[in-house]
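Notes follow the structure.
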Amino acid sequence: MKKILTLILAAAMLTGCIALASCGKTEEKVLNVYTNAGFAPYEYLDENGKVVGVDIDVVNYIGEKLGYKVIISDIDFDAILNEVAKDKFAVGAAGMSKKAERDEIALASDVYATSVQYIIAPTGTFEGEQVALADAVAYIAASGIKSIGVQKGTTGADLVGGAIEGTEAKTIEYSNAIIASQDIGSSVGAVVIDKMPAESICKDNENLQCWALDAEMESYVMYFNKDNADLVKQVNDVLKQMIADGLIDQYTVKHSS
Ligand code: ARG
């Protein structure tokens, strides 16, 4: 009888420990970070296939400051906000431009960087350093290829989608701008993507050149779950400090070289 009682007691202690997730130790907090690599310098794959970049450094720093274990998932760009909406401790960190439709699904952090849309085309396609989007579209519409490559679900896709209306030009949506740019000269005449990722692609390919478009400036934010305003507040405090200390600039230089 005593033996049975001891056994029951031991079992109870064991399950108690399991229920508490760990005996004595405090449970580890996890922050699930969703990104889409192929967008250097913000997120890209290093030579070992690991996701690295400015956004990754930023979330790792925030995780360390706020006591979260950071788990990075590389998923389709247009799937990021769905994941964020499902999980209180999820964040989209993917050079995401702040925009009204996204604000309906998720909670934006403070702005940590700005950008503008660029167009990538064969070297010498346009003159000067900036091109009017309408001129670029007219050029493509009049060319043999007639299509512009964009990354699915991005602000670049929205922008080009609006500009081609009523013209003969079409868009082709790709999973990322690197893959899209490999089709320049075959399926697409040009690719539209944010400034720094465009410059990174042009730097890696001497047959391609980048031009700024006459588009509005975009502001990068991280998108959090709507039910976690507390976390966003804490993150914004860390972000403020990081910006003041020049850390984000430092990461940007580090991942652009
Ligand atoms: N800034 C653009 C947007 O928010 C493009 C972001 C693409 N990001 C990425 N990691 N692939 O729509």
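The values are calculated or read from the model by the stated rules, or taken from the named source; none is laboratory data. Note that the coordinates shown come from a computational prediction; the quantities given were computed from them, not determined experimentally. Neighbour counts run over all protein chains shown; Cβ positions are idealised from the backbone, glycine included. Note: accessible area is taken over every heavy atom of the protein model, side chains too, but ligands, DNA and RNA are not part of it. Shrake-Rupley method; radii C 1.70, N 1.55, O 1.52, S 1.80 Å.
Annotations for the structure displayed:
- For the stretch 96-206, the fraction of alpha-carbon pairs lying more than 17 Å apart is 54 percent, rounded to a whole number.
- Accessible surface of the stretch 35-100 [probe 1.4 Å, protein heavy atoms]: carbon and sulfur percent: 47 percent
- Exposure of K203 as accessible area (Å², to 10), given a probe of 1.4 Å and all protein chains: 130 Å²
- Sum of side-chain charges, D76 neighbourhood, beta-carbon under 14 Å (Lys, Arg +1; Asp, Glu -1): -4
- Heavy-atom accessible surface of S257, to the nearest 10 Å², is about 120 Å², with a 1.4 Å probe and all protein chains retained.
- Straight-line cross-link reach from K29 at under 20 Å between alpha-carbon atoms covers these lysines, not counting any fewer than eight positions away in the same chain: K65, K69, K86, K88, K226, K233.
- Fraction of accessible area attributable to carbon and sulfur, the stretch 133-249 (%, probe 1.4 Å): 47 percent
- Where the chain is the region considered: accessible area per residue in Å², 1.4 Å probe: 52 Å²
- When the helices of the chain are scored as -39500 (n - 2.57) per DSSP H run of n ≥ 4 and the total is divided over every residue, the value at 222 nm lands at -12000 deg cm²/dmol.
- Gyration tensor over the Cα atoms of the chain: the corresponding equivalent ellipsoid has semi-axes (square roots of 5 times the eigenvalues, largest first) of 45, 18, 17 Å.
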